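Worksheet for the structure shown next.
Nothing in this text is a laboratory measurement; each read-out follows from the coordinates by a stated rule. Predicted model, so just to flag it, every value in this text is computed and none were measured. Ideal geometry is used to build each Cβ from the backbone, glycine not excepted, and the neighbour counts take in all protein chains shown.
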Ligand code: HEM
Ligand SMILES: [Cu+2]
């Protein structure tokens, strides 16, 4: 406590810059303040709430699908829900294959583009990055507001697509041609929705990069940036450079669907026994190349911010500097570069030839090195620390082995020979879900528990947090671990009946019920979180501004910093690296970045 | 408190915020058009027959359009230079010319499209025309976007010259960067589609 007051005084004396705007500042109306807000904190919260709702929605789609997988062709137990989804989709409470496909495609799309990325980048990035670099807002506040609202429009568009004739998009979140080109109208709406989401990401990424380069406070050199900021920085470059090719692909597919072109339609295509009346001459593989050119970097967009969050929390709760900060930073940058030249490891089975396969399997093996370095550095950071097992720390700790499982199971997929067996099986689904669900989503939960006190001034309940953590950990493994078993047995993904009609699947079929039950229990396990989240806003334990005794600048400003450029009363100045914990000879076990002097 | 470096460059990076922002935006645009050009290459390599651009398209009228667009880039630079010399009248003139050139370019493009449609040549006719219409169409949208920005800076937006001349000059500079990029894309488009 005494320490904290001292450092606050230090800030004040560091630089006094009278702020005339503070006094003449007039109150904004409710709409400008909370709805069309230009303040990075409000926008961050808007992103956070919207994306959490989408995550819940995407998860619900999957919980419904899991019924069909566990009990293929049986009547849905909740009549009201079956009715809600309509006779056209679930006649007599039994799910139609077409509807299953819609749910699958939209689950993937919503989870990735409307859930995880907006939460990891839009919410955490927006709220935390400007605070951590000691500035008052993002570089372009209006653009920031626009990003959010364009994202929102994209989300609405995706939801509306369910009401199209033929329902929502049903060609998977990958929208492979030619299937997607001849699909129902929902696909057109999906493409339009994607154009909104891409535009939003582009605007956002420009904003982040400019903010980080231009608005760092005095003394905050690049090598003093918290790793979280680095992670967001690299992520923004990936979004900036990888999304435009998907936008191009989207435009081409829209042309195929609306103007009758044949970019992705080969000559002589026959649909339902009828030759398709198009000029032909296109290439379905072109779509896959353009799609994966985005979608591989996209997986690093999903994982890098999560690594950033975990790094912050681990340094803070082990009370020591991160092990190998520089290696972490260089690995993240290298990862960013490499992620642009591995995309075709998703396409080993398309017959693109062994030379190309060899190239991409080599680059894939190379890119696994920086990932392993990051994971190892985080793991070694635990060594010799006096660890505080707070709820955020538990989630951050669980991230390490979960991400490790996800990453290691990816290696066989990156080598062409084993991938021939594993491609498009449940093994793949297990692999990437370990990365994004118990990996990224756990990290995002960690982040919510960690920064909640900064936003609200109160702490989330520890007991509920621990219940949430342990139950989620058990059930999420129950969902995804058996997928490896099924996949190795050769069960394909995207099967409407979970493999029931395949002879080779019979031996592993019993897992379907187990996985589905785990998924539903996982749903229940989120209830303590939801209760905790809302209850703590008013009833949580009140805590001081730097509750976790952290060193980075986001903890140097007050709780829930005032809107309209009020983050810092005085511009802070940075004197040291981001994780000066347990400094030899210092009075407390942490030295905030803005504290001058040696100790 | 105000956001720093909105007008003056940050000493250690040497740029002001909007300039860096526009360069980043252009980097993403390079990826957008780069993907389309790559698609062109892939489709062309993969096809059995591919017409020569000059056998379908009118390269003469496109050469004229190239000249128009390059001139507009020159006038754009002149308009910015005029502001640097504090000559607002000249600025108005050159910016006006830039906008005029953009309109001429679009008119010529519309005429070209119309002729093609008149000969029953549509995007759906073959893959060459498909990519021709798509890329030039997207480029046309960029030209339209440029017209909006430049017209704003020529008209209502130019009031800022009286209150914040430096900021206004920056805006024109940034709009100029974008406009040169639009020009540059065309310089790639023209030989690839019309001549090869
Ligand atoms: C934790 C609860 C989750 C469960 C139970 C679950 C389950 C599944 C299952 C069974 C599939 C395969 C569907 C099929 O191919 O037939 C699937 C696909 C997919 N999931 Fe999840 N998932 C969950 C969370 C997530 C999260 C958090 C993400 C995003 C980061 C995600 C992204 C995807 C994607 C991209 C696909 C592929 C969709 C497609 O093939 O088009 N899932 N999920
Ligand atoms: Cu990949």
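Per-structure values
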item	result
Packing-based ranking, highest mean first, of A:562-568, A:239-245 given that Cβ atoms within 10 Å are counted	A:239-245, A:562-568
Chain B, relative contact order in percent, only Cα pairs under 8 angstrom and at least six apart counted	31
Percent RCO, i.e. relative contact order, over the stretch B:93-196, from Cα pairs under 8 Å lying at least 6 residues apart	27
Segment residue A:506-residue A:88, length gained on full extension (0.36 nm per residue, minus Cα span)	147.4 nm
Sites residue A:271 and residue B:45 - FRET efficiency at Förster radius 25 Å, r taken between beta-carbons, to 0.05	0.45
Cβ neighbours within 10 Å from other chains - mean over A:241-248	6
Segment residue A:223-residue A:98, extension gain: residue separation times 0.36 nm, minus the distance between their alpha carbons	39.8 nm
Inter-label distance, nm, simple model (7 Å from Cα along the C-beta direction), residue A:544/residue B:59	7.7
Test item: B:40-49 mean partner chain Cβ contacts at 10 Å	3
Where labels lie 7 Å past Cα in the beta-carbon direction, separation of residue B:13 and residue B:38 in nm	2.7
At 1.567 mPa s and 4 °C, Stokes D of the stretch B:59-195 from Kirkwood alpha-carbon radius, µm² per second	82
Estimated FRET transfer efficiency (residue A:352, residue A:421; beta-carbon r; R0 22 Å; 0.05)	0.75
Sequence ranges A:442-453, A:460-471, ranked by mean other-Cβ count within 10 angstrom, highest first	A:442-453, A:460-471
Average other protein chain Cβ within 10 Å of Cβ, residues B:122-131	6
Protection proxy ranking of A:545-556, B:93-104 - average other beta-carbon atoms within 10 Å, highest first	A:545-556, B:93-104
Length-normalised contact order of chain A in % [C-alpha pairs under 8 Å, at least 6 apart]	17
Label-point gap, in nm, between residue A:474 and residue B:114 - each point 7 angstrom along Cα→Cβ	7.5
Modelled FRET efficiency - R0 30 Å, residue A:81 with residue A:35, Cβ distances, 0.05 increments	0.40
The protein assembly as shown, Cα convex hull volume normalised per residue, Å³	172
